[in-house]
1. Could you please let me know if Ser59 is within 27 Å of Pro255 (Cβ to Cβ), modelled with pLDDT under 90 and in contact with a helix residue (DSSP H, G or I) (Cβ under 9 Å, 6 or more places away or on another chain)?
2. Would you mind finding the one in Arg18, Arg32 that is assigned to a helix (DSSP H, G or I), in contact (Cβ under 8 Å) with a residue 40 or more places away in the chain and under 26 Å from Pro179 (Cα atoms)?
3. Looking at (1) closer than 16 Å to Ala15 by Cα; (2) touching a strand residue (DSSP E or B) at 6+ places or on another chain (Cβ under 9 Å); (3) among the aliphatic types (A, V, I, L, M), find the lone condition where Val139 falls short.
4. Just to verify a result, which residue in region 160-186, among those that are β-branched (Val, Ile, Thr) and in a loop (DSSP other than H, G, I, E, B), is most open to solvent (accessible area, probe 1.4 Å)?
5. Of the residues Leu168, Leu186, Leu143, only one is over 27 Å from Thr205 (Cα atoms) and under 18 Å from the mean Cα position of the chain (by Cα); which?
6. May I ask you to verify whether Ala58 is of a type in the set (A, V, I, L, M) and either loosely packed, with under 13 Cβ neighbours inside 10 Å or assigned to a loop (DSSP other than H, G, I, E, B) (or both)?
7. Output yes when any residue across region 33-44 is open to solvent by 10 Å² or more (accessible area, probe 1.4 Å) and under 13 Å from the mean Cα position of the chain (by Cα), and no when none is.
8. Give me a count of the residues in region 111-126 that are open to solvent by less than 10 Å² (accessible area, probe 1.4 Å), within 14 Å of Tyr142 (Cβ to Cβ) and not polar (S, T, N, Q).
Amino acid sequence: RVNRGSARDLVMFVAGVRFAESEGQRATQIARELIRSGIAVLFVYFRWESEYGRPVPASHDPLLFQLPMDLFDPARAPVLERDFRPSLRRSCVFEFPHPRAFQWVNELNLAGWKTLYDIIDDWEEFHRAGKAPWYEPAVERYLCANASATAAVAPPRARKAEEWGPGLKAAIVPNGVSPDSFDTGLARRELRRGALTAGYFGYLTPAWFDWGTVAKAAARRPDWQFHIIGYGEPAPAALPDNVQLLGKVPHGELPA
């Protein structure tokens, strides 16, 4: 399909999440902008073994392709230079330093792809919190040293990468916002207000979300209101009445 189309560029993402327009992940948002510019995107995403039975997400956009990491093998899949028309420029953005990437970065480099390692998180801290059991520091360092270029979402991540070896440099590419990704036509959602109103949206896991502190603060200050948006592991059964759980809200509806 890419060879038959008019796209001059193909960008592959190796990401820790599926492409989901209802969410705001960095890889998804960048991929959306590339597709709007007429660039083909191959989204190779990580899934846990418990998700292996799920179907691969269907795409209604002719420029978007998705494939789970566990089904992807550059040595066998049609991603090498011989498989594409010579005029197609090919790039790969690694946002997920999974051990499989150790092999892939070399195979893609040899096949003429431009490769980028984009440091979006402190993966060592995720590993310590038990949320990245696959993580191996040597793989991340290898990606920094062998990708065509390295980028980082924030200065601390860039400094860490540059400490891994002489001559390593990471360009800082901060997270941004695409205003048209929000549904500005929605009516403002009225929420209960308190003497202090606190809001949170994100992934709700006890590995880094402290339900106990929220519950204690809410119990001590019943005149405060807490609004929690997110998904993940379930919240404790007993929470004060001034803690409102709003569930998962699509990215485009957050301003409302």
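The values are calculated or read from the model by the stated rules, or taken from the named source; none is laboratory data. All of these numbers come straight from a predicted model, not from anything done at the bench. No Cβ is skipped: glycine too gets one built from the backbone with ideal geometry, and neighbour counts run over all protein chains shown. Accessible surface is based on the protein model in full, side chains and every heavy atom, while ligands, DNA and RNA are left aside. Shrake-Rupley method; radii C 1.70, N 1.55, O 1.52, S 1.80 Å.
1. Numbers: within 27 Å of Pro255 (Cβ to Cβ): yes; modelled with pLDDT under 90: yes; in contact with a helix residue (DSSP H, G or I) (Cβ under 9 Å, 6 or more places away or on another chain): no.
No, not satisfied.
2. Working: Arg18 fails: assigned to a helix (DSSP H, G or I).
That would be Arg32, the only listed residue that is assigned to a helix (DSSP H, G or I), in contact (Cβ under 8 Å) with a residue 40 or more places away in the chain and under 26 Å from Pro179 (Cα atoms).
3. (2)
4. Quick first cut of region 160-186, residues β-branched (Val, Ile, Thr) only: 172-173, 177, 184.
Filter once more, keeping what is in a loop (DSSP other than H, G, I, E, B): 173, 177, 184.
Working: Val173: 68, Val177: 104, Thr184: 124 Å².
By that ranking, first place goes to Thr184.
5. On the way: Leu168 fails: under 18 Å from the mean Cα position of the chain (by Cα); Leu186 fails: under 18 Å from the mean Cα position of the chain (by Cα).
Going through Leu168, Leu186, Leu143 in turn, just one is over 27 Å from Thr205 (Cα atoms) and under 18 Å from the mean Cα position of the chain (by Cα): Leu143.
6. Working: of a type in the set (A, V, I, L, M): yes; either loosely packed, with under 13 Cβ neighbours inside 10 Å or assigned to a loop (DSSP other than H, G, I, E, B) (or both): yes.
In short, yes.
7. Step one: filter region 33-44 for residues open to solvent by 10 Å² or more (accessible area, probe 1.4 Å), giving 33-39, 42.
Applying the additional criterion that residues be under 13 Å from the mean Cα position of the chain (by Cα) yields none.
There is no residue in region 33-44 that is open to solvent by 10 Å² or more (accessible area, probe 1.4 Å) and under 13 Å from the mean Cα position of the chain (by Cα).
8. The qualifying residues number 2.
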